[in-house]
């Protein structure tokens, strides 16, 4: 059995750690409120953009456009959004697994565009082709940064350097629900209607300018909106995951402190009993 000094030292160390986890939980809670507000405030625009593009593709039917067919290259560009800091449970590892454990992907066919040092470090250790690493974007997501990244990827797609573009991030559902998500950005394919969904009468869609020119204008905004929306949701998910992780760590520390307190009291009781026994035995020997 550990000595009383060792138990007391261990308990003091855990109490110090518990104070840190409590503080980190409070900080994450404040950041989560702000990030959640940003995500909820911008979600309507990005959802509308997504639905609009899908509606256009459903109504125009077959159309020849560079953004609607895979490129000639077998390379796949993957934007991987993680965090720059740890202590967030499985937040970062779950996003990395979307890339490393995809059943149909080969490592040599992937080109990684990491946003966040945790994803960059994990994929670099596994030997993936890392291109631009923009860790600062995830700390304060800005639409202009998403636009610049989307522009470079669209240019690579148009030049035939990459054949597909994907986005791996963590979607924010609510405070306790964060879903690792892999989304294909290009080539665009409209969502299929549910089998039980009744067909709806839709008006004929006319384009001004022509459909190809309209898609040239809309698709870059569509891609940018999805990338920026993913960044905003990822920040909210990161803080939600860290808040949960720190809350669990604080609870575990409390349990450990209670267990150590019990052990300390037992050791102290045993020490007192031993001293009393020695005193009684000495008194009897003198008598």
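Since every read-out is calculated from the coordinates, none of them should be taken as a lab result. Small disclaimer: the values here were computed from a predicted structure and weren't measured. Here the Cβ is made from the backbone with ideal geometry for all residues, glycine too, and neighbour counts use every protein chain on show.
A few comments on the model shown:
- Cut-off 12 Å (backbone N to label point 7 Å along Cα→Cβ of residue 183), residues of region 6-48: 43-48
- Extending 7 Å from Cα along the Cβ direction at residue 12 and again at residue 51 yields two label points whose distance is 6.1 nm.
- Springs join every pair of Cα atoms under 10 Å in this Gaussian network model of the chain, and among 119, 127, 160 the largest mean-square fluctuation is at 127.
- Candidate values [x] 31, 21, 18; [y] 58, 20, 16; [z] 37, 18, 17, label of the one derived for semi-axes √(5λ) of the Cα gyration tensor in Å: [y]
- Sorting the segments 71-78, 2-9, 230-237 by their mean number of nearby beta carbons within 10 angstrom, highest to lowest, gives 230-237, 71-78, 2-9.
- Base-10 log of normalised Debye intensity for region 66-188 (one unit scatterer per alpha-carbon) at q = 0.12, 0.13, 0.16 Å⁻¹: -0.43, -0.50, -0.77
- Where only DSSP H runs of four or more residues are counted, the chain gives -21500 deg cm²/dmol as its mean residue ellipticity at 222 nm, each run worth -39500 (n - 2.57).
- When the chain is treated as a GNM with alpha-carbon contacts under 10 Å, the residue of 214, 124, 140 showing the greatest mean-square fluctuation is 214.
- Sorting 12, 83 from the fewest to the most surrounding beta carbons within 10 angstrom yields 12, 83.
- Residues 133, 48 arranged by fewest to most Cβ contacts within 10 Å: 48, 133
- Cα gyration tensor shape for region 1-130, rounded if a/c is under 1.5, else prolate or oblate: oblate
- Virtual paramagnetic centre 7 Å along Cα→Cβ of residue 27, amide N under 15 Å, in region 116-139: 139
- Comparing 121, 159, 259 in a Gaussian network model of the chain (Cα springs below 10 Å), the most mobile by mean-square fluctuation is 259.
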